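Everything below concerns the one structure shown next.
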Amino acid sequence: MGSRSPLQRHEPSSDDEFNVLVTGFGSAQPFKDTYPKNPSWEIAASLPEYLPLANPHNPDQRSRPKLPPVRIYVHPAPIRVSYRTVRAIVPKLWAGTATREDSDSDRDVPLDSPVHRTPNREANGPTPATRIDIVVHIGMAGPRHTYQVEMLGHRDGYAMSDVDGKMLGDDSPNPETGRRPCDEDDWAWKGTPNHLVTDVDIKDVHRRWMELLPGSVPLILSTDPGRYLCDFIYFSSLAYLYRREERRRVVFLHVPCDPDEKMLQKGRQVALGLIQALVESHAVKKKLEEVEP
């Protein structure tokens, strides 16, 4: 699996395709000065339109499950590290209506970022008619050289200000009414538990992920997404699906904050490996369900 592999080429939005939507973030506090580029976006923007085909000459790939064509949609701009922006964009991502402008990030993107030098994929992005089979949110983990898939997201406990210096404020009383936003009937997360777990078989995905990238990088599972914007977008997606009584088909990938080109290439392979593991796990589970009486 890699950039030189042949790509699956099929007509867009075919019913037999498995559709994956990937997002990345723009520059973020508290790492903005040290890391003006957010590698989560650099990695997301570098992904191919289709998951590369398995190499039939590689014995490790011959035994992998047969997959449908896997189309990778990348939201066309890094999402601003803002509670307001994230809360507004998540429903649009799932509905297939999110635009580049909804990301609210253009003023934060360095001139040499991929958003300025890669084709705008918005014309080929998901539409309201697109079936989104899974979403992979990618975010920056700070100065650690591990790749983490988060198992859950938190509703409460967000004590850090975003890139605009704003707090989430769901628990802050309104000075005029004394009521907190979370007490109101129209609160975005009304009726949701204080944390939500993905419905993806994450342990099976992790096993497959490690098989696809044996020994190359530390790939771990985590239950601590950080209670910042990474945690917030993850819970927002989980809560959106929870309230709609849909399967919570979303995961979050934390990547190292190192923007070195070699690390970005490694991150790209890690992301592609995760996507393949997710689709394999789904395909095997679906096949088992079809044969069960």
Condition set over 14 Å from Val135 (Cβ atoms) and without any contact (Cβ under 8 Å) to a residue 12 or more places away in the chain, scope segment 246-264, selection most open to solvent (accessible area, probe 1.4 Å): answer is Lys262
Flagged in segment 1-32 as at pLDDT 70 or above and open to solvent by 20 Å² or more (accessible area, probe 1.4 Å), in numbering order, are Asp16
Are there any pairs, at least 6 apart or on different chains, whose C-beta atoms fall under 6 Å, with the first in segment 186-213 and closer than 20 Å to Leu241 by Cβ and the second polar (S, T, N, Q), and if so, which? Asp201/Ser281; Asp204/Ser281; Val205/Ser281
Kindly indicate the residue of segment 62-83 that is among the small types (Gly, Ala, Ser) and within 30 Å of Asp164 (Cβ to Cβ) and also surrounded by the fewest Cβ atoms within 10 Å (Cβ to Cβ) among those meeting that condition. Ser82
Looking at segment 179-196, is at least one residue touching a helix residue (DSSP H, G or I) at 6+ places or on another chain (Cβ under 7 Å) and among the acidic types (Asp, Glu)? no
Tally of residues being buried (at least 22 other Cβ atoms within 10 Å of the Cβ) and more than 17 Å from Asp199 (Cβ to Cβ) across segment 276-293: 1
Those residues of segment 216-245 which are surrounded by fewer than 21 Cβ atoms within 10 Å (Cβ to Cβ) and β-branched (Val, Ile, Thr) amount to Val217, Ile220, Thr223
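The values are calculated or read from the model by the stated rules, or taken from the named source; none is laboratory data. As the structure is a prediction and not an experimental result, all values here were calculated from the model. Cβ coordinates were reconstructed from backbone atoms using ideal geometry, including for glycine residues, and neighbour counts include every protein chain displayed. Areas reflect the complete protein model, heavy atoms only, side chains present, ligands, DNA and RNA absent. Shrake-Rupley method; radii C 1.70, N 1.55, O 1.52, S 1.80 Å.
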